[in-house]
Amino acid sequence: MSPTPSSPAPLLYRHRHLLGIEGLTRPEIGSLLDLSESYIEPIRSKTKSALLVGRTVINLFFENSTRTRTSFELAAKRLGADVINMQVQASSIKKGETLLDTAMTLNAMHPDVLVVRHPDSGAVNLLSQKVDGAVINAGDGSHEHPTQALLDAVTIRRRRGRLEGQLVAICGDVLHSRVARSNIHLLTTMGARVRVIAPPTLLPAAIERLGVEAFTDMRKGLKDCDIVMMLRLQSERMHGSHVPSTREYFHFFGLDYGKLDAAKPDALIMHPGPMNRGVEIDSEVADDIDRSAIREQVEMGVAVRMACLDVLTRPLRSNAEA
Amino acid sequence: MAGRVAKLPPRPTAFRNARLIDPASGLDAVGGLLVVDGLIADVGPAIGRDGLAESFEIVECGGHCLAPGLVDMRVQLREPGEEHKETIASASLAAAAGGVTSMVALPNTTPVVDDMAGLEFIARRAREAKGTKIYSYGAVTRGLAGKDLAELGLLAESGAVAFTDGLAAIADARVMRRALSYGSTYGLLIVQHPEEPQLADGGAMNSGELATRLGLAGIPRAAEVMMIERDLHLVAMTGARYHVAHISTAAAIDAIRAAKERGLKVTCDTAPPYFTLNETEVGDYRTFAKLSPPLRAEADRAAVAAAVADGTIDCIASDHAPHDQESKRVPFALAAPGIVGLETLLPLSLGLFHNGQIGLLELFKRLARSPADILALPQGRFGRGAPADLVLFDLERAGRIEVDRFRSKSKNSPYDGRPVQGRVLRTVVDGRTVFEAEP
């Protein structure tokens, strides 16, 4: 039953948690991407591993999610872990039990990995300071969503062979997007060039200090891009209205074939989901099997999450062997 | 029997061999100070030189600095309503330990101090605490709701020293105009929390690169100056007295400087975090670095320090804001803003002196004389007949801030472990020693 190491690649990621991409080095990210790719074949051949048999993974979600939670659940089950899903409504937090109370309670159950999503930036960092197990940030407020950036990177790497030198446009609600922030950190670290395109009301202050070029015109921003990453318009995070209407937003910032013409002819279209069709992306473009990598992103998501669970439990497993 | 003894007036006291610092007269010399019946009877280099009458209790100051006790014009007491965070008694102890001999409480308690009963409650509890003098602000608007004026005149007659809506800006221009206009009839001082609330709405820290990296909604610096500039127009219209609390940006300082040059009756204060820290203190979501207004960019911090030195900023207040762990051990956006400040006000302010940015006399103008003048209180000076509210401190003594030693019930301070120079040795209120450092 002793599991064989899943990858011969040297382990470069040595952090206890995965809270964000910011601060990770190029070799660390590279090794996570390599390991993720090694999990694609087992997923496709439906091979179940015993790597995490006897280990517990708790998916602790303070925000509604189907896609990410399912992806983590499947990844953990493919590795043989016991998985518990906890969906905590933000309202029950308000009833008195604090985030840290919840963390302490769960900690007493000795999970090996906590996968946490929370509507507030920094909440996952806070929780990680109070628990013994490894913590994976599955999205905190408008801060980071590291596994999304990793799966996007794997997708790009497989389609284009490399990240370095790619010209990537991240379009839409950058202000509220944790996906945008994690992708900016990852892509700039790996040597890609990044543009962000949005109306000024959806661009965060000083965004260019993160090493990106900012545009407020889709056609100008998309010019010669290799990759077009669309973001979901996050009405639920907005204080007041940032754009006059979804109709106007689609007119100027929705991705349709007209605007896509400015990008390279073979530009790849990505979206973290769930999509607002007709708001940030035209349905036809989203479903264009020649251009859209959206389905592949979902598939890579499982591989990336398997890799992250693998990496973060290695110290535990080597202790157990010793 | 002990109770009867305590009621006797304290013995006349002579402070001998002190470095006297009086920002009102410009005195900075070694000498002595006599206290009789709680009032300063005499002060000067000659006192104590040729011996003193036997009736005096002698306090040998060992050459340390003796200055007017600090007058802290911005403190949140939390009593009534949130006594688990701070009480009038615990705040009095903290103030005494910090060399603060007078403090002014914001009206944002539960219930709000918008009527005479609230003022009387605080005054009674302050008398019972027998420590630092406590004064109260009255609310400008009922319930701090920003709509209807509180009974400003009656509150002033009952002892409110000035008026403010505390942490809330008086946002409605018409309400602010009326408050200034009505208040000017009685010479009342209106104190504003300078922040355009719509622009700041939802913000958790200073707007900029760090907020963007952390995914936190930012509060633009302009939110401060635009509220001040609006108010200055209303001040010019009404001729009222106007004070801006906790200034944090360079642009706001420029606006105040220009208004003073135009002759408007405008004053302002800041708090030590705004000249000792900048936004990078937030780091990895440190909620102890969450303040309102937020910590700003380094250029703003430097501008605040310079404005304290050149006098554009009139006063330094502690902006004491006690919070329990539950208010701070939460995600950053949800955390309550503010830090405790009574026990760090003097050592952090002395940092400006030790940096060579300000002289001691000027510094004590900011800490004692100017706030007393603005609030029309007789203390903050060494005049004959002034209340004997004093702080004796070791100017040079190096140490570290240790939050575990705070007398305040709350320990929310980002300064734990920070090296500082200067230590309070003794605090005196109306001639009575209310704090004495362990030797």
### Query
Of all residues in the stretch A:131-147, which are within 14 Å of chain B (Cβ to nearest Cβ), polar (S, T, N, Q) and either open to solvent by less than 10 Å² (accessible area, probe 1.4 Å) or part of a strand (DSSP E or B) (or both)?
A:Asn137
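Given the criterion under 30 Å from B:Lys411 (Cα atoms), open to solvent by 10 Å² or more (accessible area, probe 1.4 Å) and within 19 Å of the chain's Cα centre (by Cα), identify the matching residue among B:Asp284, B:Asp314, B:Asp269. Before the answer, list the steps.
Working: B:Asp284 fails: within 19 Å of the chain's Cα centre (by Cα); B:Asp269 fails: open to solvent by 10 Å² or more (accessible area, probe 1.4 Å).
Of the residues listed, the single one that is under 30 Å from B:Lys411 (Cα atoms), open to solvent by 10 Å² or more (accessible area, probe 1.4 Å) and within 19 Å of the chain's Cα centre (by Cα) is B:Asp314.
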#### Entry: Sole exception among (1) of a type outside the set (Phe, Trp, Tyr); (2) touching a residue at least 40 places away in the same chain (Cβ under 8 Å); (3) within 16 Å of B:Gly356 (Cα to Cα) for B:Asp310, by number
(2)
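For A:Leu150, indicate whether it is within 14 Å of chain B (Cβ to nearest Cβ), under 30 Å from A:Gly254 (Cβ atoms) and out of contact with any strand residue (DSSP E or B) (no Cβ under 8 Å at 6 or more places or on another chain). Break it down stepwise before answering.
Values: within 14 Å of chain B (Cβ to nearest Cβ): no; under 30 Å from A:Gly254 (Cβ atoms): yes; out of contact with any strand residue (DSSP E or B) (no Cβ under 8 Å at 6 or more places or on another chain): yes.
Spelling it out, it is not the case that A:Leu150 is within 14 Å of chain B (Cβ to nearest Cβ), under 30 Å from A:Gly254 (Cβ atoms) and out of contact with any strand residue (DSSP E or B) (no Cβ under 8 Å at 6 or more places or on another chain).
Is it the case that some residue within the stretch B:231-244 is in contact (Cβ under 8 Å) with a residue 40 or more places away in the chain, within 16 Å of B:Ser292 (Cα to Cα), more than 10 Å from chain A (Cβ to nearest Cβ) and of a type in the set (Asp, Glu)?
Residues of the stretch B:231-244 that are in contact (Cβ under 8 Å) with a residue 40 or more places away in the chain, as a first pass: B:231, B:234-235, B:237-244.
In the following step, the residues that additionally are within 16 Å of B:Ser292 (Cα to Cα) were identified as B:244.
With the extra rule that they be more than 10 Å from chain A (Cβ to nearest Cβ), the set shrinks to B:244.
With the extra rule that they be of a type in the set (Asp, Glu), the set shrinks to none.
So far as the stretch B:231-244 goes, no, none of its residues is in contact (Cβ under 8 Å) with a residue 40 or more places away in the chain, within 16 Å of B:Ser292 (Cα to Cα), more than 10 Å from chain A (Cβ to nearest Cβ) and of a type in the set (Asp, Glu).
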### Message
For the stretch B:150-178, which positions are touching a residue at least 60 places away in the same chain (Cβ under 8 Å) and not in a loop (DSSP other than H, G, I, E, B)?
### Response
B:Ala162, B:Thr164, B:Ala173, B:Arg177
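What are the residues in the stretch A:235-245 that are away from chain B (no Cβ under 11 Å) and under 13 Å from A:Asp173 (Cα atoms), if any? Talk me through it step by step, then tell me what you get.
Initial filter on the stretch A:235-245 (away from chain B (no Cβ under 11 Å)): A:235-236, A:241-245.
Scanning the stretch A:235-245 gives A:Ser235, A:Glu236, A:Ser241, A:His242, A:Val243.
Would you call B:Ala299 among the small types (Gly, Ala, Ser) and either in a loop (DSSP other than H, G, I, E, B) or open to solvent by less than 10 Å² (accessible area, probe 1.4 Å) (or both)?
No.
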#### Entry: the stretch A:100-125: number of residues that are buried (at least 20 other Cβ atoms within 10 Å of the Cβ), within 14 Å of chain B (Cβ to nearest Cβ) and in a loop (DSSP other than H, G, I, E, B)
3
### Task
Could you run through the stretch B:205-230 and say how many residues are more than 14 Å from every other protein chain (Cβ to nearest Cβ) and among the acidic types (Asp, Glu)?
2
## Note on the structure
From the option list B:Lys290, B:Lys260, single residue qualifying as modelled with pLDDT of 95 or more, within 14 Å of chain A (Cβ to nearest Cβ) and open to solvent by 10 Å² or more (accessible area, probe 1.4 Å) is B:Lys290
### Task
Quick one: A:Ser128 ticks every box in (1) away from chain B (no Cβ under 14 Å); (2) touching a residue at least 40 places away in the same chain (Cβ under 8 Å) except a single one, so which number is it?
(1)
### Message
Looking at the structure I just gave you, is A:Val279 open to solvent by less than 40 Å² (accessible area, probe 1.4 Å), more than 26 Å from A:Arg44 (Cα to Cα) and not in a strand (DSSP E or B)?
### Response
yes
### Task
Return yes when A:Glu248 is without any contact (Cβ under 8 Å) to a residue 60 or more places away in the chain, away from chain B (no Cβ under 14 Å), in contact with a helix residue (DSSP H, G or I) (Cβ under 9 Å, 6 or more places away or on another chain) and open to solvent by 30 Å² or more (accessible area, probe 1.4 Å) and no when it is not.
no
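Residue-wise test of (1) within 14 Å of chain A (Cβ to nearest Cβ); (2) open to solvent by 10 Å² or more (accessible area, probe 1.4 Å); (3) in contact with a Pro (Cβ under 7 Å, 6 or more places away or on another chain).
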position	(1), (2), (3)
B:Pro331	yes, no, no
B:Leu342	no, no, no
B:Glu396	no, yes, no
B:Ser408	no, no, yes
B:Pro414	no, yes, no
B:Val424	no, yes, no
B:Val429	no, no, no
### Of the criteria (1) crowded, with 18+ Cβ neighbours inside 10 Å; (2) closer than 22 Å to B:Arg418 by Cβ; (3) more than 18 Å from the chain's Cα centre (by Cα), which one B:Thr238 fails
(2)
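The values are calculated or read from the model by the stated rules, or taken from the named source; none is laboratory data. Every value quoted in this text rests on a predicted model; they were computed, and no experiment measured them. Cβ: placed from backbone, ideal geometry, glycine included. Neighbour counts: every protein chain shown. Surface accessibility is based on the protein's heavy atoms, side chains included, excluding ligands, DNA and RNA. Shrake-Rupley method; radii C 1.70, N 1.55, O 1.52, S 1.80 Å.
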